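K.L.:
Questions regarding the structure given below will be posed in turn.
The values are calculated or read from the model by the stated rules, or taken from the named source; none is laboratory data. As the structure is a prediction and not an experimental result, all values here were calculated from the model. Please note: Cβ atoms are built from the backbone with ideal geometry, for glycine as well, and neighbour counts cover all protein chains shown. Note: accessible area is taken over every heavy atom of the protein model, side chains too, but ligands, DNA and RNA are not part of it. Shrake-Rupley method; radii C 1.70, N 1.55, O 1.52, S 1.80 Å.
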Amino acid sequence: MSVSLPLDLLFPVLDEVRLSDAFDGTATRTTLQHLCRVSKVFRHFSQPLLYASPLLTPPPNPSDADSRPLADRVRALAVTLAARPDLAAAVEHLPLGVWTTWLKDEARMDLREVSRLAVTFVELCPNLSSLAFPNVAPVDVGDLMIASRRCVGLREFVFGEGVEKLENWAQHLDSGIAHHYGNATWSIQEMGHVMERWTNLRKLVLKGPLKSSREDEATLPCRLEEFHCELSRQSILTDSYLARILGNSVGTLRVLTLTQHQLAAGALISLIKNFGATLTSFTLLSKYPTSHDPLLIPTLLEFAPNLNHLVLQTSVELSPTNISLLAQLPLQHLELRSPTIPFLPREAKHQLSRFHLLKRFVLGRPVSFDLENGSISVGWGKEETEELVERMEAAGLELEIY
């Protein structure tokens, strides 16, 4: 019966399955697996969707239906893609950064094989739209560069994923051993050479630093719409370094995520001045929420007038002045995760009524500092919290307090 189902009815079924959940969601993947077993027709059209984003879980995972070691599952996937070019062509997303890290943690696969398999995956999948760069040995860098340059349809790129868990022990041994078993580092110049053909690249997530030197003045050639700098290891990035990463994205950058304690003095304000004109979303993270820059909010107002999504994990003084400045931005989503001087709940409706477009307000529990007595208080009392929620609902706002 399913074989005779008209194709114009089959495609809406598959679209509904694909869009019913996040594509890497368990429910969607399980449904696609079931459809593959219905008939040859369903399998023919369901398999490419299933392989578009291969899912491998980290070891150990006893609840996983496939309890084989990760090394065996990765090898099996590579064999399948090599034998089925049609499925390899359907792969759109490869999180090779975490895969190579998990494989090294599991220690069931020789490090040379881990590195070579990572390159093989990139070679096998010509239609990638999203790639998390693998952690490979220096000897394989050349092959990875050649394979990566063929990914001309790439739109999203993650660099440095999993690097915080890697110990480059081989660098302390013989140079030949390090060349074959160590972890390669990449310079801006090398990565720029790889990206030359990625004309469709729109999103870059930087989780590990690219090497830079005073003699190396290369820049990344991509014109980004999104840049997320979320380094897993402590680094201090200067404005000149970031200009080399984003230099070609002036006029195109819309979404920016930075981590304040990883920026050199003055770099944050400089970036907003240079790239704020087209920004619609800005997120500032920090491991030290008490830190703040008094120039941040005035600079956002002057140089990023189109912001509609703002997330500040750093300390923000909820003074009438700052609220007045923020209210002049066309904000629809506002998160202040570390407010230092809370406005009183009875004043909240009046204060937030200035934000004419605001739809969602996320507010961290405020921290108050009494410098004279050396005391710190966190949060509101129960009655104040209930009053704040009530007033926000009356104002038609979605409020979240954490």
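K.L.:
Show the residue pairs that are 6+ apart or on different chains and have beta-carbon atoms under 7 Å apart, the first residue being within segment 41-65 and closer than 21 Å to residue 95 by Cα and surrounded by 15 or more Cβ atoms within 10 Å (Cβ to Cβ), the second being small (Gly, Ala, Ser) and modelled with pLDDT of 70 or more.
P.N.:
What qualifies is 48/90; 51/90; 52/90.
K.L.:
Search segment 270-289 for residues that are under 13 Å from residue 329 (Cα atoms) and pair each with any residue that is open to solvent by 30 Å² or more (accessible area, probe 1.4 Å) and among the hydrophobic types (A, V, I, L, M, F, W, C) when their beta-carbon atoms are under 9 Å apart and the residues are at least 6 apart or on different chains.
P.N.:
276/303; 277/250; 277/303; 279/303
K.L.:
Would you check which residues across segment 90-101 are in contact (Cβ under 8 Å) with a residue 40 or more places away in the chain and open to solvent by less than 50 Å² (accessible area, probe 1.4 Å) and list them? Show your work before the answer.
P.N.:
Looking only at segment 90-101, we keep the residues that are in contact (Cβ under 8 Å) with a residue 40 or more places away in the chain, and these are 90-95, 97-101.
Correct list: 90, 91, 94, 95, 97, 98, 99, 100, 101.
K.L.:
Restricting to segment 210-263, and then to whatever is of a type in the set (Asp, Glu) and either part of a loop (DSSP other than H, G, I, E, B) or surrounded by fewer than 14 Cβ atoms within 10 Å (Cβ to Cβ) (or both), can you tell me which residue is modelled with the lowest pLDDT?
P.N.:
As a first pass, look at segment 210-263 and keep what is of a type in the set (Asp, Glu): 215-217, 225-226, 230, 239.
From what is left, the residues that are either part of a loop (DSSP other than H, G, I, E, B) or surrounded by fewer than 14 Cβ atoms within 10 Å (Cβ to Cβ) (or both) are 215-217, 225, 230.
Values: 215: 58, 216: 66, 217: 75, 225: 97, 230: 86.
Of everything passing the filter in segment 210-263, 215 is modelled with the lowest pLDDT.
K.L.:
Now for a separate question. Quick one: in segment 330-356, of everything that is within 25 Å of residue 261 (Cα to Cα) and open to solvent by 10 Å² or more (accessible area, probe 1.4 Å), which residue is modelled with the highest pLDDT?
P.N.:
Top of the filtered list is 333.
K.L.:
Touching a Ser or Thr at 6+ places or on another chain (Cβ under 7 Å), under 28 Å from residue 223 (Cβ atoms), among the β-branched types (Val, Ile, Thr) and surrounded by 19 or more Cβ atoms within 10 Å (Cβ to Cβ) - does that describe any residue in segment 272-288?
P.N.:
Yes: one or more hits.
K.L.:
Would you pick out the residues in segment 24-73 that are farther than 20 Å from residue 84 by Cβ, modelled with pLDDT under 70 and part of a loop (DSSP other than H, G, I, E, B)?
P.N.:
Residues satisfying the conditions are 24, 25, 59, 60, 61, 62, 63, 64, 65.
K.L.:
Looking for whichever is of a type in the set (Val, Ile, Thr), buried (at least 16 other Cβ atoms within 10 Å of the Cβ) and modelled with pLDDT under 80 here; the options are 205, 158, 163. Which one fits?
P.N.:
Values: 205 fails: modelled with pLDDT under 80; 158 fails: modelled with pLDDT under 80.
From the options 205, 158, 163, the qualifying one is 163.
K.L.:
Then there is this: Filter segment 119-142 down to the residues that are part of a loop (DSSP other than H, G, I, E, B), among the small types (Gly, Ala, Ser) and touching a helix residue (DSSP H, G or I) at 6+ places or on another chain (Cβ under 8 Å) and list them by number.
P.N.:
137
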